[in-house]
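Read the structure below first, then the notes.
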Amino acid sequence: MQNTLQDFIPIRALNPVLELLKHENLTVTVKNERKTRHGDYRQLPNGKHQITVNSNLNHYRFLITLIHEIAHFEAYKTCGKFIKPHGVEWKRTFQHLMLPFLNPDVFPSSLLPLLAKHFKNPKATSDTDTKLALALKQYDQPNDKTFIFDVPFGSMFKLYNGKIFKMGPLRVKRYECLEIKTGKLYLFNPNAEVELIAL
């Protein structure tokens, strides 16, 4: 486990993470990129527990995702299986587990205020916290994608699944975009990454 994780999380986080993972019935698997999730937790039919995390995440997002999933396991173990997946029991567990990592030995100082604010009331995904998500993406490998908030009004863009949209107006916090094929309107978070289509 140590050899696997040391390539994916900040080095100062390794030993505390390994302590959290000292459970006979818990395994962590690093997966290829999945577009719809960063990681997940599940109880397997044989009674064991499995956490998966995407391999393409930067070290800081990988750590946050891993602790997020460990919190699911701990909340399940402590409170039972009938709790809400991202309910109060999970939130408290996530806050408690994340607290020791919120220091400049693990995260860059520029991220710490955003993380502190986020963990006052953690959400089901950090992607809904636009400021934190954008700050975390600064540590990703460069790619040819564009953030939705940088797409000019009326321009066309494509998603990872090939669907093509026309950029529309900002509606409070999200952008309203028209899917070309169906004519349906969709709302996008400002930090969604898309591929611009040159006309």
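Structure notes:
- Of all positions in the range 33-41, none carries a residue that is closer than 19 Å to HIS96 by Cα, assigned to a loop (DSSP other than H, G, I, E, B) and of a type outside the set (D, E, K, R).
- Considering only residues in the range 118-149 that are polar (S, T, N, Q) and in contact (Cβ under 8 Å) with a residue 40 or more places away in the chain, the one that is farthest from VAL106 (Cα to Cα) turns out to be THR146.
- The range 12-69: number of residues that are under 18 Å from the mean Cα position of the chain (by Cα), closer than 21 Å to ILE83 by Cα and of a type outside the set (Lys, Arg): 11
- Any hit, the range 52-62, residues being surrounded by fewer than 16 Cβ atoms within 10 Å (Cβ to Cβ), of a type in the set (Phe, Trp, Tyr) and in the same structural domain as ASP7 (by TED's automatic domain parsing): no
- Residue tally, condition in a strand (DSSP E or B) and under 23 Å from ASP7 (Cβ atoms), over the range 42-57: 6
- Among (1) surrounded by 12 or more Cβ atoms within 10 Å (Cβ to Cβ); (2) more than 20 Å from TYR175 (Cβ to Cβ); (3) at pLDDT below 95 - the single one ASP129 does not satisfy: (2)
- Only one of GLU89, GLU69, GLU74, GLU19 that is surrounded by fewer than 14 Cβ atoms within 10 Å (Cβ to Cβ) and charged (D, E, K, R): GLU19
- Taking the numbered list (1) touching a Phe, Trp or Tyr at 6+ places or on another chain (Cβ under 8 Å); (2) touching a residue at least 60 places away in the same chain (Cβ under 8 Å); (3) not β-branched (Val, Ile, Thr) in turn, ARG12 passes all entries but (1).
- Candidates LEU26, LEU66: the one that is touching a Gly at 6+ places or on another chain (Cβ under 9 Å) and either touching a residue at least 24 places away in the same chain (Cβ under 8 Å) or not hydroxyl-bearing (Ser, Thr, Tyr) (or both) is LEU66.
The values are calculated or read from the model by the stated rules, or taken from the named source; none is laboratory data. This one's a predicted model, so the numbers in the text were calculated from it and none came from an experiment. In this analysis, Cβ positions are derived from the backbone assuming ideal geometry, glycine residues included, and neighbour counts consider all displayed protein chains.
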